[in-house]
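J.: Submitted below is the structure of interest, expressed as structure tokens.
The values are calculated or read from the model by the stated rules, or taken from the named source; none is laboratory data. None of the values given here were measured: they were computed from a predicted structure. As a convention, Cβ positions derive from the backbone with ideal geometry for all residues, glycine included, and neighbour counts pool all protein chains shown.
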Amino acid sequence: MSFLNQNNAEFLSARLTQKGRKSIAEGDFQIKFFQVGDSEFDYTQPFHQLNGEVNTPQQSVFAPFDKDSQVKYPYLMDGNRATTYGVPIKDSITETLRNGMGPAGFVTEYKEYDEVNCSGTTIECATVRLPLSGVSATNTITFTETQAYLDCDNGSTTSIDTNYLSRFNQCEYITIVFNNEFVSEEQVITSNSTSLVYKILNITTVTGITTTPNCDEVITGQTTITVDRYTPDFTSINGYAEIVCNKCKIEHPLSGTTAEVCVSNQVDPSEQHDPWTLNTVWKELPIGGQIDDESISGYTSAKHISTMEYLGYGTSSGQVTNTGTTYFNSYDEEITVSPEEQKCIAVIHYSELGHVFEDPERFFKYDDYIGSSTGTTEGVLVDEEVVSDVEFFNIYLPFIYYENSTGTTVGSEFKMGETDYYLDSTVAGTPGDIRTRYIKFRYILDEIGKKVGKVFVDKKIIVFDDQELVALLDYRSNRRYTLPTPKVYHIPSDGVIAESCFSGTTGQTYHITYMLSYVDGNEFELNGLPCNNFSKVQINVVDNECEIKYPANIGIKWGGEDHPNGVGSFQHMNTTFSGSTKGYIANKLWILVQETTNEVNTIPDPTQWTKIDITDKIPNHVSGLIDPTKLRDHTFVIKQTDIDGGSLFDIEDYLKELPTGTDYMGSSDPSTDPQFGDEQPFPGSIKLVRSTDIEEMRFLVNLPHTQWNLSQNPTLDNGIRTNEERITEVALLNQNKETLVTAKTSSPIKRKGSQVISVKIDF
């Protein structure tokens, strides 16, 4: 475009010249002088009337160009006719732009179910309804759907939908929701439900299956999905499950899936984008991983191991005052996990690249971050009200059972804290110096205000560091619920030293966790990863003497009403098999024990855990499903004799066999062998404010009424002041009087009185 748009008369359009860009490249961009001119105005009569005033046309002004090197007709500063140069005033600012991004993921943000309006949290991805009888303790799921219906009474044919059978072809992962209380067959979430995430290994489709009930012909198709491990056995339970594709490229349900009685919440497509990516990063093998399993370097998320250290989850020495993460046991006692003891984190990121040909450097061109303002003066507009970035931010996980949930949400929601924190490097500079503040973050808070992770706002990633939530998020753990962490402590022994865990004569450390399992004929049925919080109980040696000088055993206790959830431990545990579609069940309780060295920050060996069956120690429990109320406020005592009578714990005894192999690029291909740490779409939704800082380099050109009045435009009669002089351009120059920035007015500006012109350059 050669000439400026004349609809923007109030603005100056500024541009860096080629000399200006070269100065930036050489690190020598310094504005020292300005010039103003009227080079693009013709004062001769009658054309001087084309000034844009009182609805009159105006003379054209060129756009600023790279090669502009001077002002053709600069104003003289004063009557001495000595100089055309003035000194500008620098007035640079930072302007923040905010854009509220709608919930990205395979569900909308959490919305309470409205029975009248038939609305609530809505599934946005491809789904299919399946009778629970089709969930049959195998690694295949088959569903049949009608393609066409022929009414032989009148010869009419009704086509249903020919795209149903292919809807999962682009899915790598699916979520199976085992208690479908969607409205009719509509994808509106109305209540909590047990779910599991599976990796798809194969999909086969058969079309054109014809049946003829009562003469009428029904043409159907059949799809079989092969998944990475056995499903539970729900063949004896009535009801429906819902299969949900975890990859969303659509904003609404496919046509034909909406029931007539209920229309789902429609989502503004402009607010939707591809789901976030989830990487569960394991620094150590999950508990019970054995030496014949795939090496941890074969986990697809192992590529993010450097991220753990970078974000302060690797070593304590790299960061100032980084004591680690915290969690609370079932008696609301805070427990610290040092960076060295942090076994795993869940990294949630959005890493879509630009088009390899059309926009290969997209990432470097658009620098944004997660907004974290707390005031409404810098918020976003929602339903005609301004809300802060923190209020807008939301992480939503449907179909999970979180131990600290309040019971008011289907699934669980997580918010952002209001205080800024920093990871300060111990190497980069003086600790605490604001100039050396390295990585800014906000805490992620659950519904009762407990810290469960961090939002690294400038890095545009979200990290869950509560290790129980990480276990829930890793689909290979085979559970979508968190387990309460027990209180573990010393309890005096009434036996001899040989029968006691602690002798009282030397320093000792035990790590304790546990597992609930359900086994009834199928060895892989309803079992998941043990509690991923490892409790520690130890006797230390101080001044060559033990803190405890008597034999002691290990006491384990789960809280009742003292639990942070206000209900008691295991609030989502059920006592009937049919209840396993809403919550979880167990008929076995295993304590897992490992004695380690008495050194600080020691992580137990995943291959050396001893399992102890303590089901028979549950008070008033005889057989069958465990009643969670019988586990609360009761001390379970573990003796050395219990440990001696235990056996080696192998996670493969309870979950499907893990892949074998030792090399990331070797015989075990992580892209085909489902494993812990597999990269997958984040199974929820995230809503945030996307912020961008625009750096504005502004220079004020001050024109007092007694100066910059003498035009040198030859079309003006002998340079005599007429009070009709115009300004069409401003140039900013370096110390050598070379033009670095040129700015043009879209309409000639009348020179009158004292004026200040602001020249703005956006970076």
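J.: Restricting attention to the range 411-437, which residues are at pLDDT below 90 and β-branched (Val, Ile, Thr)?
T.: The answer is Thr426, Val427, Thr430, Ile434, Thr436.
J.: Conditions first: (1) surrounded by 20 or more Cβ atoms within 10 Å (Cβ to Cβ); (2) within 21 Å of Val689 (Cα to Cα). Tyr401 passes all but one, so which condition is the exception?
T.: So the condition that Tyr401 fails would be (2).
J.: If you scan the range 11-34, which residues turn out to be surrounded by 18 or more Cβ atoms within 10 Å (Cβ to Cβ) and not hydroxyl-bearing (Ser, Thr, Tyr)?
T.: Listed by number, the residues that qualify are Leu12, Ala14, Leu16, Lys19, Gly20, Ile31, Phe33, Phe34.
J.: Further question on the same structure: Going residue by residue through the range 709-721, is there one that turns out to be part of a strand (DSSP E or B) and within 23 Å of Gln58 (Cα to Cα)? If you could, list the steps in order and put the result at the bottom.
T.: In the first step, residues of the range 709-721 are kept if they are part of a strand (DSSP E or B); the result is 710.
Now narrow it down to the ones that are within 23 Å of Gln58 (Cα to Cα): 710.
Yes, the range 709-721 contains at least one residue that is part of a strand (DSSP E or B) and within 23 Å of Gln58 (Cα to Cα).
J.: Right, another one. Cβ-Cβ under 7 Å, sequence separation 6+ or interchain: first residue in the range 67-83 and without any contact (Cβ under 8 Å) to a residue 12 or more places away in the chain, partner surrounded by 14 or more Cβ atoms within 10 Å (Cβ to Cβ) and in a loop (DSSP other than H, G, I, E, B). Which pairs?
T.: So the pair list comes out as Thr83/Met77.
J.: Right, something else. Which one of Pro57, Pro88, Pro103 is buried (at least 19 other Cβ atoms within 10 Å of the Cβ), modelled with pLDDT of 80 or more, out of contact with any Ser or Thr (no Cβ under 7 Å at 6 or more places or on another chain) and over 19 Å from Gln712 (Cα atoms)?
T.: Just a single option satisfies the conditions, and that option is Pro88.
J.: Now, a different point. Given the criteria modelled with pLDDT under 90 and assigned by TED's automatic domain parsing to the domain that holds Thr300, does Ser746 qualify?
T.: Values: modelled with pLDDT under 90: yes; assigned by TED's automatic domain parsing to the domain that holds Thr300: no.
Considered against the rule, which asks whether it is modelled with pLDDT under 90 and assigned by TED's automatic domain parsing to the domain that holds Thr300, Ser746 comes out as no.
J.: Testing Tyr550 on (1) touching a residue at least 12 places away in the same chain (Cβ under 8 Å); (2) within 20 Å of Thr409 (Cα to Cα); (3) not basic (Lys, Arg), one condition comes back false. Which one is that?
T.: Failing condition for Tyr550: (2).
J.: Exactly one condition in (1) in a helix (DSSP H, G or I); (2) more than 29 Å from Phe676 (Cα to Cα) is not met by Pro564; state its number.
T.: Condition (1) is where Pro564 drops out.
J.: If you check Ser580, Ser535, which single one turns out to be under 32 Å from the mean Cα position of the chain (by Cα), in contact (Cβ under 8 Å) with a residue 40 or more places away in the chain and surrounded by 21 or more Cβ atoms within 10 Å (Cβ to Cβ)?
T.: Ser580
J.: Residue check: is Glu352 of a type outside the set (Phe, Trp, Tyr) and at pLDDT 90 or above?
T.: Against the criterion (of a type outside the set (Phe, Trp, Tyr) and at pLDDT 90 or above), Glu352 does not qualify.
J.: Here's something else I'd like to know. Can you go through Asp678, Asp717, Asp653 and tell me which one is of a type outside the set (Phe, Trp, Tyr), modelled with pLDDT of 80 or more and either surrounded by fewer than 19 Cβ atoms within 10 Å (Cβ to Cβ) or more than 29 Å from the chain's Cα centre (by Cα) (or both)?
T.: Asp653
Every residue, every condition in (1) in the same structural domain as Tyr173 (by TED's automatic domain parsing); (2) assigned to a loop (DSSP other than H, G, I, E, B); (3) more than 30 Å from Val567 (Cβ to Cβ), yes or no:
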| site | (1), (2), (3) |
| --- | --- |
| Glu284 | no, yes, yes |
| Glu294 | no, yes, yes |
| His304 | no, no, yes |
| Ser317 | no, yes, yes |
| Tyr331 | no, yes, no |
| Glu340 | no, no, yes |
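J.: Taking the range 365-423 only, how many residues are part of a strand (DSSP E or B), within 20 Å of Tyr113 (Cβ to Cβ) and among the hydroxyl-bearing types (Ser, Thr, Tyr)?
T.: The total comes to 3.
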